[in-house]
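K.L.:
What follows is a structure written as structure tokens; I'll ask about it next.
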Amino acid sequence: MMKVILLAHTENPDALVAAAARLCYKDVSAEDLLNAEENNLSRNLIADLFKSGHLSTFEHVSFTFGIEGISRVTSHQLVRHRLASFSQQSQRYVQMNYYPENQNVIVPPSIAENGEAYELFLRHVEQSHYVYKKLLELGIKKEDARFILPHGYSTRLVLTMNARELHHFFNLRLCRRAQWEIHELARRMLVLCREKAPVLFEKAGAPCIFGECNQAKPCGKPYKDMEELLLA
């Protein structure tokens, strides 16, 4: 089962971004600006930064997530976001076990809802793991035996992104056309980000929420509002 927690984040993220932006235009120290911002957050300033594309100030803020229970299908998509840092559980060193009752192999909903497809899927997973174990017993190293394992095996990782890259991530992965698992991961991450930086992430999410769509083939079902997206 997917689990996403916020391990760490930049302190006072909204205030820091606003202070960094004002530093560009004032002859005042960063410390003085930050102290002033703590009691005088400027929602309009951050909105203007976002609208004007002045997002370099967003890069001063970062969030680190602990993620468990996602498939390697999704982790392969994650690493395409190059402006991020990843530390992932290694199949070279960690032996993979198969526990159907613990759901350590992710089953797509479309398969879980189809009895015949589900049976076929589980048989393949069980056979793959049987071969994996036999290879280990024959003295094959884990780094080579893992070649037989399904992409659906669950994995764990630590992920760090700055706020600018998070906006880009949410823009792409919260679209309805995004793959279902990474969409759910992005949704949970955005909920956590908005708890700690509500101003900074007020306009983060699928473009259709804000009246835009960047897809060549739109889904035809734009989100009505942020609440619909976050509660999906």
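The values are calculated or read from the model by the stated rules, or taken from the named source; none is laboratory data. Being a predicted model, the structure only gives us computed values, none of them experimental. We place every Cβ from the backbone using ideal geometry, glycine too, and count neighbours over all the protein chains shown. Calculation scope for accessible area: heavy atoms of the full protein, side chains included, ligands and nucleic acids excluded. Shrake-Rupley method; radii C 1.70, N 1.55, O 1.52, S 1.80 Å.
K.L.:
When the accessible area of the range 102-150 is computed with all protein chains present and a 1.4 Å probe, what percentage of it is carbon and sulfur?
P.N.:
Roughly 52 percent, rounded to a whole number.
K.L.:
Can you work out the Karplus-derived ³J(HN,Hα) for every residue in the range 198-210? Use 6.51 cos²θ - 1.76 cosθ + 1.60 with θ = phi - 60°, whole Hz, and x for glycine or proline.
P.N.:
Ordered by residue, 3J(HN,Hα) equals x, 6, 4, 10, 4, 10, 8, x, 4, x, 5, 4, 9 Hz.
K.L.:
State the Cα centre-to-centre distance between the range 101-160 and the range 185-218 in whole Å.
P.N.:
32 Å
K.L.:
On to the next question. How large is Rg/Rh for the chain, to two decimals, with Cα atoms and a Kirkwood Rh?
P.N.:
Computed over Cα atoms, the ratio is 1.07.
K.L.:
Measure nothing fancy, just the Cα-based angle from helix 163-173's long axis to the longest principal axis of the chain, in degrees from 0 to 90, nearest 10.
P.N.:
50 degrees
K.L.:
Scan around Ser154 for amide H atoms under 5 Å from its own, H built in the peptide plane at 1.01 Å from N, and keep only partners 5 or more places away or cross-chain.
P.N.:
Correct list: Val105, Ile106.
K.L.:
Further, regarding this structure: With a probe of 1.4 Å, find how much accessible area the chain has per residue, and write the answer as a whole number in Å².
P.N.:
58 Å²
K.L.:
Excluding His167 itself, calculate the net charge of residues whose Cβ lies under 13 Å from the Cβ of His167, where each Lys or Arg counts +1 and each Asp or Glu counts -1.
P.N.:
It works out to a net charge of +2.
K.L.:
Something else about it: Please report the projected area of the range 128-202's Cα convex hull averaged over all directions, in nm².
P.N.:
6.7 nm²
K.L.:
Okay, helix-only estimate at 222 nm for the chain: each DSSP H run of n ≥ 4 adds -39500 (n - 2.57), divide by all residues, round to 500 deg cm²/dmol; what do you get?
P.N.:
-12500 deg cm²/dmol
K.L.:
Further question: Just to confirm the filter: which chymotrypsin sites (Phe, Trp or Tyr not before Pro) across the range 1-96 are DSSP coil and have at most 16 other Cβ within 10 angstrom of their Cβ?
P.N.:
Passing sites in the range 1-96 are Tyr25, Tyr93.
K.L.:
Can you run phi through the Karplus equation (6.51, -1.76, 1.60; θ = phi - 60°) for the range 130-142 and list ³J(HN,Hα) in whole Hz, with x for Gly and Pro?
P.N.:
Residue by residue, the range 130-142 yields 4, 5, 4, 5, 5, 4, 5, 5, 7, x, 6, 5, 4 Hz.
K.L.:
Would you kindly state how much longer the chain becomes between Glu195 and Lys217 on full extension, computed as 0.36 nm times their sequence separation minus their alpha carbon distance, in nm to one decimal?
P.N.:
4.7 nm
K.L.:
Along the charge dipole of the chain, pointing to its positive end and built from +1/-1 on Cβ of Lys, Arg, Asp and Glu, which listed residue (Leu159, Phe86, Ile140) has its Cα farthest out?
P.N.:
So the residue furthest toward the plus end is Ile140.
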